[in-house]
Amino acid sequence: DSGVTQTPKHLITATGQRVTLRCSPRSGDLSVYWYQQSLDQGLQFLIQYYNGEERAKGNILERFSAQQFPDLHSELNLSSLELGDSALYFCASSVQYTGELFFGEGSRLTVL
Amino acid sequence: QKEVEQDPGPLSVPEGAIVSLNCTYSNSAFQYFMWYRQYSRKGPELLMYTYSSGNKEDGRFTAQVDKSSKYISLFIRDSQPSDSATYLCAMSARASGGSYIPTFGRGTSLIVHP
């Protein structure tokens with residue numbers, strides 16, 4: 001158990017809908033990262049927050065947004081969903097800046 | 001060319017074998033090098049974390065980094081069926097905001113058969 005909690009574990013929704021994925025980092029970790037994992041693309045970095053502030057942005061679509069709240073939990077919002085958004089979405093946390101990440105179990109999103 | 005190249009396998013070995021997993025990379029800015037293990041339907045788990053060129057050993061695992069060749073390796077000694085998983089290499093460079101963001105390889109699927 002990495003100490004990173006993600007909910008929901010599974011989500012099935014329809015195209016055009018909006019979903020919110022939630023992440024609680026390990027106790028004491030200030031940094032949260034979001035990654036998308038699909039069979040054809042592997043693990044792709046989406047966005048990173050540190051203590052409530054956005055620090056780095058990767059290949060995150062404009063339809064996606066995220067935030068980190070004062071209690072350090074984070075949410076990833078996915079809107080106007082398309083079939084291609086079906087993937088595993090991972091949250092990871094880190095106490096340091098250097099990329100030593102601890103991953104949650106992921107949220108599996110299926111868009112029908 | 002992808003920044004990080006990793007052979008997807010699968011790599012199938014008998015129990016007790018020495019396993020060698022490798023990645024190459026093109027970005028000279030990478031400073032930190034990691035190996036993660038991912039079991040099916042689980043999140044990646046950090047196995048090894050190194051900064052400099054050279055070897056780092058932890059139990060049955062040895063991580064090797066050769067920055068001059070842009071090549072990293074993970075060796076697993078006395079492999080066990082429980083080592084069957086996908087192994088992801090990752091490397092991080094400093095982003096504009098000051099954080100180091102890991103870039104992952106596609107992963108190598110390892111199967112250790114009894």
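The values are calculated or read from the model by the stated rules, or taken from the named source; none is laboratory data. This is a predicted model, so every value here is computed, not measured. Glycine gets a Cβ as well: all are built from the backbone with ideal geometry, and neighbour counts include every protein chain shown. With ligands, DNA and RNA removed, areas are computed over all heavy atoms of the protein, side chains included. Shrake-Rupley method; radii C 1.70, N 1.55, O 1.52, S 1.80 Å.
Quick notes on this structure:
- Among B:ASP66, A:ASP29, the order of accessible area from largest down is B:ASP66, A:ASP29, computed with a 1.4 Å probe on protein heavy atoms.
- Heavy-atom accessible area buried between chains A and B is around 1900 Å² (1.4 Å probe, both sides summed).
- Base-10 log of normalised Debye intensity for the protein assembly as shown (one unit scatterer per alpha-carbon) at q = 0.08, 0.11, 0.14 Å⁻¹: -0.29, -0.54, -0.87
- Across chain A, C-alpha contacts under 8 Å between residues 6 or more apart give a mean separation that, scaled by the residue count, equals a relative contact order of 37 percent.
- With the convex hull drawn over the C-alpha atoms of the range A:1-57, the volume per residue is 124 Å³.
- Three principal axis lengths of chain A [C-alpha, angstrom, descending]: 38, 28, 25
- Apolar share of the accessible surface for the range B:36-77: 45 percent from carbon plus sulfur atoms, 1.4 Å probe.
- Relative contact order (percent, whole number), the range B:1-100, Cα cutoff 8 Å, 6+ residue spacing: 34 percent
- In the range A:65-112, the residues whose accessible area drops by at least 20 square angstrom when the other protein chains are added to the isolated chain are A:PHE90, A:TYR97, A:THR98, A:GLY99, A:GLU100, A:LEU101, A:PHE103, A:GLU105, A:ARG108; the probe is 1.4 Å and only protein heavy atoms count.
- Taken about its Cα centre, the protein assembly as shown carries a charge dipole of about 140 debye when Lys and Arg each add +1 at the Cβ and Asp and Glu each add -1 at the Cβ.
- Too-long pairs where the Cα-Cα distance tops 27 Å, listed order kept, from A:LYS9/B:LYS67; B:LYS2/B:LYS67; A:LYS57/B:LYS2; A:LYS9/B:LYS2; A:LYS57/B:LYS70: A:LYS9/B:LYS67; A:LYS9/B:LYS2
- Rounded to the nearest 20, the size of the Cβ-charge dipole of the range A:47-112 about its Cα centre is 100 debye, with Lys and Arg at +1 and Asp and Glu at -1.
- Of the GluC sites (Glu not before Pro) found in the range A:53-112, those in coil by DSSP whose Cβ has at most 15 other Cβ atoms within 10 Å are A:GLU62, A:GLU82.
- Comparing A:LEU101, B:SER68, A:LEU21 along the charge dipole axis of the protein assembly as shown, the residue lying farthest to the positive side is A:LEU21, per the Cβ-charge model.
- Ranking of A:ASP71, A:ASP85 by solvent-accessible surface, largest first: A:ASP71, A:ASP85 (1.4 Å probe, protein heavy atoms only, all chains present).
- Computed magnitude of the charge dipole of chain B (debye, nearest 20; Cβ of K, R +1, Cβ of D, E -1): 300 debye
- Of A:ARG55, A:ARG22, the residue with the largest accessible area leads and the full order is A:ARG22, A:ARG55 (1.4 Å probe).
- Under 5 Å from the amide H of A:SER86 lie the amide H atoms of A:VAL111, each residue being 5 or more positions distant or on a separate chain, with H modelled from the backbone and absent for Pro and chain starts.
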